[in-house]
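This report concerns only the one structure given below.
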Amino acid sequence: MHKIPGYEDDPLIDGAYLVDEPLFWASHLLQCTNGVEEPLCAGFGVSKADLLQFFEQVSDERQWPVLSVPLPAGHLLHVVYRNLPGEGGYDYLLHHPAWEATVPLAMVEGCFRGPGLCWPELLTVAHTAAEAGSGPRLDPHTFLLLLPIMSDADLPLDADDVLAAMLNACGAAGETGALARILLQKQGCWGTQRWTLTPAGRISEGRYAFRRPGVMSPDTLAQVSLLLGSGGDA
C-alpha cells in the first residue's frame, strides 16, 4: 500500500478488498445523507441492521481502510477512513510519491471541510480511472468513492441517470433512481455549492472549502485543478 505522509503511525490497511461489496457502498454513502440510513437501505435493498453492522466494521479504530484513485502523472487521490475513537472522519487527500506532504481536498466529519470537487471533475476523475483499467467509460467505484465530496449547484439534466447507473454497477439492487435523486439533492455536509473557473483554476465558493484563495496558494489551486481535469480559463 502507498505510504501517506502524516499517517505513518496509524493502522492503515489497503481497502481495495471493500469495493466489490455492495454494503460497503451503502455504508460509504452515509456521508452523503448525513447518516440517514433509510434511502440507502431502499436503494441497495439491504436491511438497516446489516448496513449499520458493516458501518461498524469499517469504522474499527484498530484498522483504517485506505482507498486510492489514480490521477495523471503518478498522482493519487487517497480516501482515508480516519477511525479515531470519538473523532472519526474521512480524509480526502492528494499526493504524489515524491511529495513530502499531502494536499487536503476535503474532510467529512463533524467539523467538515469541503466540498472537494464539482460534477465535471467527478466525471473526469472517474473516466481517468476507467482508462487505467479495463472498465467502462466511467469507473463506478471511483465515482461513488468521491461522490461524498462532490457539490455542484449546476448539475446537468442527466445527472440522476448517471448516478443511478453507477449505483447499479456497484451492486445496488433497489430503488436506485430514487436514491440518486436524494443523494444529488442533499449533496453531503455542505449542500449545493457553486464554483468559479478562473485563470488559476477552479475555485469553490463554499466558506468551508480548501479550494479557495487564502487557504490554498495560487500554485496549489492551479495544480489541483489540473490534476482533477478542470484547469483554468482566462
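The values are calculated or read from the model by the stated rules, or taken from the named source; none is laboratory data. Please read these numbers as outputs of a predicted model, since none were measured by experiment. All Cβ positions, glycine included, derive from the backbone under ideal geometry; neighbour counts span all protein chains shown. We work out accessible area using only protein heavy atoms, side chains counted, and drop any ligands, DNA or RNA first. Shrake-Rupley method; radii C 1.70, N 1.55, O 1.52, S 1.80 Å.
Structure above, values below:
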read-out	value
Histogram of C-alpha separations across region 174-234, 10 Å bin width, %	21, 40, 25, 13, 1
Carbon plus sulfur fraction of accessible area for region 7-51, probe 1.4 Å, in percent	52 percent
Hydrodynamic radius of region 143-200 per Kirkwood, over alpha carbon pairs, in Å	12.2 Å
Solvent exposure of the chain as accessible area per residue, Å², 1.4 Å probe	45 Å²
Apportionment of accessible area to carbon and sulfur, region 75-128, percent (1.4 Å)	63 percent
TYR90 - accessible surface, heavy atoms, 1.4 Å probe, Å² rounded to 10	30 Å²
Structure-based [θ]222 nm, the chain - -39500 (n - 2.57) summed over DSSP H runs of at least 4, per residue, nearest 500	-9500 deg cm²/dmol
For peptides 77-85, 24-32, sequence by mean Cβ density within 10 Å, most packed first	24-32, 77-85
Kirkwood Rh (inverse of mean 1/r, distinct Cα pairs), region 54-162, angstrom	14.9 Å
Percent RCO, i.e. relative contact order, over region 84-234, from Cα pairs under 8 Å lying at least 6 residues apart	21 percent
Apportionment of accessible area to carbon and sulfur, region 137-186, percent (1.4 Å)	48 percent
Charge context of GLN193, other residues only, Cβ under 15 angstrom, K/R +1, D/E -1	+3
